[in-house]
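The values are calculated or read from the model by the stated rules, or taken from the named source; none is laboratory data. In this text, all values refer to a predicted model and were calculated from it rather than measured experimentally. Cβ atoms come from the backbone with ideal geometry, glycine included; neighbour counts cover every protein chain shown. Ligands, DNA and RNA are excluded from the accessible area calculation, which covers all protein heavy atoms including side chains. Shrake-Rupley method; radii C 1.70, N 1.55, O 1.52, S 1.80 Å.
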Amino acid sequence: MVRCENPAHGPPPPPPGRAALGREVGWFVAIGLASTVAQALAYWVLRRWWPPLSANLVSLLVVTVLNTEANRRLTFRGSATRVVRAHLAAGALFVVAYATTSGAVLLLRHLWPAAPTAAEVAVLVPSFALVTVVRFAVLRLLVFRRRR
C-alpha cells in the first residue's frame, strides 16, 4: 500500500520508538556536554593540589552521580528503573570510565612527563566522549530499558 503525504500537514510523525530514541539522544547529548565541561573544570581545579589520578577520581565520581540522576530524570524519564539500581549500574560504568580516562592520562604522562594540566584535560575530553557513547548504550539497553 502506497501512503500519500498531504503537503499541508507535513510528513507523518515517526513511530514512537524513533521519537523516544531521538528525545533520549537529545537529552543525553545535552547532559553529556554539561557533564564533560563540569568534569574538565573540576579536574582542572583539583589538579592544582592533587596528582592526576586523584583529581580524575574525585571529579569523575561527583560528575557521575549528578549525570546519572539527570539522565534518570530527563533522558530516561519513562523508565520504571529504581533509583538504587540506576546508581549501582552507574557505579559499574564508573569503573570503566575511571580506567579509560586514567589510562589516557597515564599514557600522556608517560609520553610527556612534564605535560601541563591543559594537555591532560585535552586528553581527557575525548576519553569522556568515548565513555559517554558506551554509557548511553548500556544505560538505554540494560538499565533503563522499557518493558514492552
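Numbers for the structure displayed
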{"item": "Checking GLU120 against (1) open to solvent by 70 Å² or more (accessible area, probe 1.4 Å); (2) more than 24 Å from PHE28 (Cα to Cα); (3) not aromatic (Phe, Trp, Tyr), the condition it does not meet", "result": "(1)"}
{"item": "Subset of region 59-72 [open to solvent by less than 50 Å² (accessible area, probe 1.4 Å) and more than 18 Å from ALA30 (Cβ to Cβ)]", "result": "SER59, LEU60"}
{"item": "Given (1) under 22 Å from ARG23 (Cβ atoms); (2) among the β-branched types (Val, Ile, Thr); (3) open to solvent by 20 Å² or more (accessible area, probe 1.4 Å), index of the condition THR75 fails", "result": "(3)"}
{"item": "Subset of region 41-56 (residues that are aliphatic (A, V, I, L, M) and crowded, with 18+ Cβ neighbours inside 10 Å)", "result": "ALA42, LEU46, ALA55"}
{"item": "Output for region 134-148, where each listed residue is under 21 Å from ALA34 (Cα atoms) and exposed (fewer than 12 other Cβ atoms within 10 Å of the Cβ)", "result": "ALA137"}
